[in-house]
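The values are calculated or read from the model by the stated rules, or taken from the named source; none is laboratory data. As the structure is a prediction and not an experimental result, all values here were calculated from the model. When we count neighbours, we look across all protein chains shown, and the Cβ atoms used for this are built from the backbone with ideal geometry, even at glycine. Surface accessibility is based on the protein's heavy atoms, side chains included, excluding ligands, DNA and RNA. Shrake-Rupley method; radii C 1.70, N 1.55, O 1.52, S 1.80 Å.
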Number of protein chains: 2
Amino acid sequence: MTQDKSAKKDDFDLQEFLPYLLNRAAEESSLEFQQVYKDRYGMLRTEWRVLFHLGNYGEMTAKEIGERAKIHKTKVSRAVSKLEQRRYLARNRDTSDRRVEQLTLTSAGQTVYRDLRLVAEAYDTKLAGLFSRDEAELLRKMLRRLAHMD
Amino acid sequence: MTQDKSAKKDDFDLQEFLPYLLNRAAEESSLEFQQVYKDRYGMLRTEWRVLFHLGNYGEMTAKEIGERAKIHKTKVSRAVSKLEQRRYLARNRDTSDRRVEQLTLTSAGQTVYRDLRLVAEAYDTKLAGLFSRDEAELLRKMLRRLAHMD
DNA sequence: GCTTGTTAGTTACAAAATCAACTATTACTC
DNA sequence: GAGTAATAGTTGATTTTGTAACTAACAAGC
């Protein structure tokens, strides 16, 4: 039985399958940034996402973060707790609806956010540098389309 | 304090950050296919990846699968065990090196693979249909570059 | 041929993600 | 306004992942 691991038996090739390619690219491109927020601040993926949402868009409720970032409420809840423990964010009970908490970054949280944002910017520039300006722009547009973010 | 959740305070926007966009697109585009292999066969992500590697490229060792798919050996080991339990794959000790096992799909495994491959093909066509032919091709090329698969 | 190092794969324990059930509060309906 | 439904957020039990240590087999040096 002849084995040929580069070609395939039929017209399907796993390496061309978009969900597979997207996942591989996402994993690979997350590694370097993950290293920074993990090593430097002991944060998890959901935690930096919450931090960035507050840093980038301002005061927001846990629910809003979950909807915008497509993160399940239990994950948001736990990330918020941890960020609060570390004094990176503060909760404020909404006076008109006491179920709701408005979340904001403390100044410590803002400092962390600004630091990580610099890293993110530099890393994004590096990744985009793999392509021409037009290609990079098109890539973002296509990814937004795939993610239903447009 | 004025809040404006669409614009940002500075020139960084989370929604344009490539690792974030890639992850969001990857997650979103995996959902529909995941539903199928999960509901129809009770498989996990690593399991279909292993199944597809064997189905697509033929006999292979656990180590090879791990290298090609960038999956850690413990995850591969567990996926192989589960696929073996379900009689989707068979292990064959290599006679020249008894540490190694050659893995192949059983005919039941091939049936499952063929079924899922049809679903994958149709789904890939649907996703690629969001773009022009040239754009879709460029997208795959860029993703391969980002994933270091070229 | 015996020590030392390396490799393929597994297992055990800790960390994290998922899912369901829960509390507290508000909204709706009659 | 009492009773039911809905919502924001939390907690607990289960599943899955990640990390490290392990076994078994082979390789290399002497």
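Tabulated data
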| quantity | calculated |
| --- | --- |
| Candidates B:24, B:93, B:98, filtered to the one that is among the basic types (Lys, Arg), more than 16 Å from DNA strand D (Cβ to nearest atom) and either surrounded by 13 or more Cβ atoms within 10 Å (Cβ to Cβ) or more than 8 Å from chain A (Cβ to nearest Cβ) (or both) | B:24 |
| Among (1) open to solvent by 60 Å² or more (accessible area, probe 1.4 Å); (2) more than 15 Å from DNA strand D (Cβ to nearest atom) - the single one residue B:112 does not satisfy | (1) |
| Lone qualifier among B:77, B:132 - being of a type in the set (S, T, N, Q) and more than 14 Å from every other protein chain (Cβ to nearest Cβ) | B:77 |
| Near pairs, Cβ below 6 angstrom, 6+ apart or cross-chain, from region B:61-84 (free of Cβ contacts under 8 Å to residues at least 60 places away in the same chain) to any residue that is open to solvent by 60 Å² or more (accessible area, probe 1.4 Å) | B:66/B:73 |
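Each row is one residue, and each column tells you yes or no for (1) within 11 Å of chain A (Cβ to nearest Cβ); (2) over 30 Å from residue A:129 (Cα atoms); (3) of a type in the set (Asp, Glu).
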{"site": "B:60", "(1), (2), (3)": "yes, yes, no"}
{"site": "B:67", "(1), (2), (3)": "no, no, yes"}
{"site": "B:70", "(1), (2), (3)": "yes, no, no"}
{"site": "B:73", "(1), (2), (3)": "no, yes, no"}
{"site": "B:81", "(1), (2), (3)": "no, yes, no"}
{"site": "B:85", "(1), (2), (3)": "no, yes, no"}
{"site": "B:113", "(1), (2), (3)": "yes, yes, no"}
{"site": "B:125", "(1), (2), (3)": "yes, no, no"}
